[in-house]
Structure formats: C-alpha cells, structure tokens
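Here the structure is laid out as structure tokens; the discussion comes afterwards.
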2 protein chains.
Amino acid sequence: MPAEIDFYFDFSSPYGYLASARIEDIAKRHNRTVHWRPFLLGVAFKITGAPLLAETPIKGDYAKRDFARTARLFGVPFKMPEQFPFAPIAASRAVYWLADRDPNLVGRFVKAAYHAAFGEGRNITAAESVADIVARLGIDRMEVMSALVDPQVKDRLRVEVDDAIKKGAFGSPYIIVDGEPFWGCDRLEQVDRWLTSGGW
Amino acid sequence: MPAEIDFYFDFSSPYGYLASARIEDIAKRHNRTVHWRPFLLGVAFKITGAPLLAETPIKGDYAKRDFARTARLFGVPFKMPEQFPFAPIAASRAVYWLADRDPNLVGRFVKAAYHAAFGEGRNITAAESVADIVARLGIDRMEVMSALVDPQVKDRLRVEVDDAIKKGAFGSPYIIVDGEPFWGCDRLEQVDRWLTSGGW
C-alpha cells in the first residue's frame with residue numbers, strides 16, 4: 001500500500017484551510033490517502049520565534065489580501081473569522097479522538113470545521129461549537145463533549161504536537177510526501193509533481 | 001504605454017534570485033517591462049520583527065532545502081554563498097546609479113550580480129566585487145568604485161529603501177502589478193495570470 005500523505009495543519013491557519021480543499025483531490029490522483037495531522041502553530045512559533053502573521057506590521061495586511069485572493073483563485077468560499085487568530089485546541093483534540101473511534105469521519109470533520117471557521121467565518125474555539133460539528137456527522141454530542149476534556153485525549157494532542165514539530169512542521173500546511181517536506185498552500189503543485197515523478 | 005512591473009528584491013535573497021530568472025519572460029509575454037528595485041530586507045525586518053529565514057530553527061533547514069529544490073524546478077543554477085546572509089548594499093547602490101547613467105544595463109547587472117551570488121555562490125558584498133561585475137558590462141571600473149561611495153548614490157539607496165517599505169515591500173521578491181502586490185517567487189504564476197486577466 002502506498003504511503004499516506006502527512007498533512008500537518010493548524011485549524012486557525014487560513015492557508016491550511018485553503019490547502020485542505022485541494023489535498024484530497026491530489027492524493028486521489030496518485031492513489032494516496034491523506035493523514036490529517038492537526039498541530040498547534042503556537043507551540044512551533046515559540047521555537048522558531050515567528051510572530052503571528054496577521055498581526056505583523058505591513059506583512060499582516062498583505063497576508064489578509066493574499067488569503068482572500070488565493071481563495072478566489074481556488075474557488076473556495078472565504079470569510080475571515082471575527083476572532084483571529086483563535087485557539088484551535090478543541091477541534092484538534094476532536095480529530096485525534098475521531099481517528100481512533102471512527103477514522104472514516106476524520107476528513108469530513110476537518111473539512112467541516114475548517115469550512116465553519118474560514119468558509120463561514122464562525123468561531124470554532126469553544127468545545128460546544130466543535131461538538132456541534134461532530135454531531136452533524138452522526139456522533140452523540142455529549143460523547144464528544146466528554147471526549148474533549150478527557151485527560152487521555154488531551155495527552156494525545158500533546159504527543160501529536162510534539163511529534164509534528166519533531167518531524168519539522170513549523171508552519172501550516174506542512175505536507176510530507178515520502179519523506180519530502182513541503183510548506184504552504186503554494187506548494188500544492190509541487191506536491192502533485194513530486195507524487196508523479198518521485199522528485200526532480 | 002503599459003505600466004512597468006515593480007520588482008522589489010534584496011540581493012541577498014535566494015527567492016529574489018530565483019524570481020529574477022523568470023520575471024522578464026513573464027513581463028515580455030504581456031508587453032511589459034521590469035522595473036528593478038533593490039531594497040534592504042534588514043530595514044523591513046526591523047519593522048515586521050521577522051527573524052532571518054536561514055537562521056531560524058527548523059524553518060531555516062527547510063528553507064535551504066526549498067531554495068535548491070525550487071532552483072532545480074526552475075532549471076537555474078544554484079549554489080548557496082558561503083557567507084550568508086550577506087550585505088547587499090554595494091550591489092543595490094550600483095543598480096540605482098546605473099538606472100540614471102545607463103538604464104539599459106540595469107537588468108543585465110541585476111542578473112549578473114544575482115548569478116554570481118547564488119548561481120556561483122560567490123561573495124558580492126565588497127564594492128570591488130560589484131565593480132568587477134559592472135565593469136564586465138563595459139563601464140570603467142574606477143568610475144563604479146567612486147560611485148559606490150558617492151554620498152548622492154548612498155542617499156539615493158536610502159530614499160529607495162524607504163519608498164519600497166512605504167509601498168508595502170516586506171519580503172523578497174515583492175512584485176507590484178497595476179497596484180496589486182505579490183510576495184514570493186511562488187507567486188509568479190499568479191503574476192502571470194493577473195497580467196492576463198487584470199484580476200480574478
């Protein structure tokens with residue numbers, strides 16, 4: 001079985017959202033599957049010293065323009081959440097919990113949560129908001145609510161974040177294809193090409 | 001006459017080098033010309049708080065890999081200079097001096113200096129190195145050497161750097177097409193598309 005494509009992302013990353021709209025199509029073309037791996041950019045930024053993009057003078061204004069322009073180019077809906085950046089912890093925990101409980105729902109949840117945040121500009125920080133999204137996939141809402149505060153689920157996210165950073169993830173999306181890392185939604189064409197040719 | 005394409009860049013920027021290898025072809029396809037506008041990222045970084053890319057933990061290693069990988073994709077020679085980052089002041093002064101003295105040589109000089117730095121990995125910090133490159137374009141070497149320390153030439157660069165930052169340049173390359181800014185050598189296809197369609 002060909003290796004999965006590791007898709008590291010932060011739920012509060014607009015570029016992660018934009019890439020999430022395309023990565024599965026790319027994977028399918030090459031008979032690959034996507035391994036959705038949310039992590040926390042805030043933890044990575046403490047190591048790299050990167051300031052928060054949208055809050056950076058000059059660069060932040062460009063970034064907001066580029067988010068919307070790239071969304072139009074990709075043909076995906078885009079609306080900046082009023083609260084930005086926001087805490088992506090609950091949504092990230094939900095992914096790893098779902099991965100064990102019902103792996104087939106993971107991709108659907110990631111896309112639904114990202115769509116809520118950046119397609120509709122809704123606030124997905126609260127556990128309640130995340131539980132609503134999971135519930136629409138047919139899982140009992142109370143079960144999700146208790147999972148999101150389960151110490152084992154919390155620990156799982158911590159382990160996954162540490163692992164993501166060990167793998168080199170410092171931005172979102174950070175995509176690893178057969179050991180080769182690609183950072184940014186502007187590297188999707190290179191990802192596609194790498195999957196075709198195995199390198200260049 | 002259609003507006004020029006403003007190509008803001010820092011001579012010590014590998015992505016600026018990579019974009020410089022393609023921007024003229026893109027401009028020509030749309031009957032445009034390139035306005036070469038070197039500036040100093042160090043000045044911009046003081047405002048944005050950006051750390052130096054290649055020196056950033058984790059991200060720096062990725063960047064070095066991405067420089068070389070993008071160069072292979074673009075089919076341009078690439079060799080990291082031993083001293084990196086390096087001071088791009090002399091080369092930048094030379095551009096603005098040439099722009100007044102012999103504007104037709106500007107593009108040739110930019111490409112020759114960039115090629116020396118990142119195609120051959122040579123150190124172009126010293127005025128002597130820059131003068132050698134200009135001299136190969138048929139200009140008297142001593143004339144260049146004195147221009148590079150001329151207070152008027154020095155002032156000119158300062159004014160241009162301030163202007164670049166006022167225009168929003170915070171990274172390299174930073175390309176403005178009919179008022180629309182594009183940052184990065186990974187935005188060249190968008191630049192091409194924008195020139196075709198006037199937006200999207």
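The values are calculated or read from the model by the stated rules, or taken from the named source; none is laboratory data. Quantities reported herein were computed from a predicted structural model and do not represent experimental measurements. As a convention, Cβ positions derive from the backbone with ideal geometry for all residues, glycine included, and neighbour counts pool all protein chains shown.
Does B:GLY107 satisfy the criteria of being small (Gly, Ala, Ser), surrounded by 15 or more Cβ atoms within 10 Å (Cβ to Cβ), touching a residue at least 12 places away in the same chain (Cβ under 8 Å) and outside any helix (DSSP H, G or I)? So B:GLY107 fails the test. Evaluate segment A:166-175: report whether one residue or more is at negative phi, surrounded by fewer than 18 Cβ atoms within 10 Å (Cβ to Cβ), within 14 Å of chain B (Cβ to nearest Cβ) and touching a residue at least 60 places away in the same chain (Cβ under 8 Å). Scanning segment A:166-175, I find at least one residue that is at negative phi, surrounded by fewer than 18 Cβ atoms within 10 Å (Cβ to Cβ), within 14 Å of chain B (Cβ to nearest Cβ) and touching a residue at least 60 places away in the same chain (Cβ under 8 Å), so the answer is yes. All conditions but one from (1) more than 14 Å from chain A (Cβ to nearest Cβ); (2) closer than 16 Å to A:TYR62 by Cα apply to B:GLU128; the one that does not is (2).
Among what's in segment A:27-52 and is part of a helix (DSSP H, G or I) and surrounded by 20 or more Cβ atoms within 10 Å (Cβ to Cβ), pick the residue that is nearest to the chain's Cα centre (by Cα). The residue in question is A:LEU41.
Restricting B:SER146, B:SER197 to those that are away from chain A (no Cβ under 11 Å) and either touching a residue at least 40 places away in the same chain (Cβ under 8 Å) or more than 23 Å from B:ILE47 (Cβ to Cβ) (or both) reduces the list to B:SER146.
Residues considered: B:PHE84, B:PHE67, B:PHE7. Of these, the only one that is buried (at least 16 other Cβ atoms within 10 Å of the Cβ), in a loop (DSSP other than H, G, I, E, B) and in contact (Cβ under 8 Å) with a residue 12 or more places away in the chain is B:PHE84. For segment A:11-49, the candidate set comprises residues that are within 14 Å of another protein chain (Cβ to nearest Cβ) and touching a Leu at 6+ places or on another chain (Cβ under 8 Å); within that set, the residue that is modelled with the lowest pLDDT is A:PHE45.
Listed by first and then second residue, the pairs with beta-carbon distance under 7 Å, at least 6 apart or on different chains, first residue in segment B:41-56 and closer than 20 Å to B:MET80 by Cβ, second of a type in the set (S, T, N, Q), are B:LEU41/B:SER13; B:LEU41/B:SER172; B:THR56/A:THR48. The criterion of being surrounded by 12 or more Cβ atoms within 10 Å (Cβ to Cβ) and closer than 13 Å to A:TYR96 by Cβ holds for A:ALA147. Set side by side, the residues A:THR196, A:THR125 differ, and just one is in contact with a helix residue (DSSP H, G or I) (Cβ under 9 Å, 6 or more places away or on another chain), polar (S, T, N, Q) and not in a helix (DSSP H, G or I), which is A:THR125. Among the criteria (1) at positive phi; (2) in contact with a strand residue (DSSP E or B) (Cβ under 7 Å, 6 or more places away or on another chain), the one B:TYR62 does not fulfil is (1).
Residues being part of a helix (DSSP H, G or I), closer than 30 Å to A:ALA54 by Cα and of a type in the set (S, T, N, Q) are represented in segment A:129-137 by at least one member.
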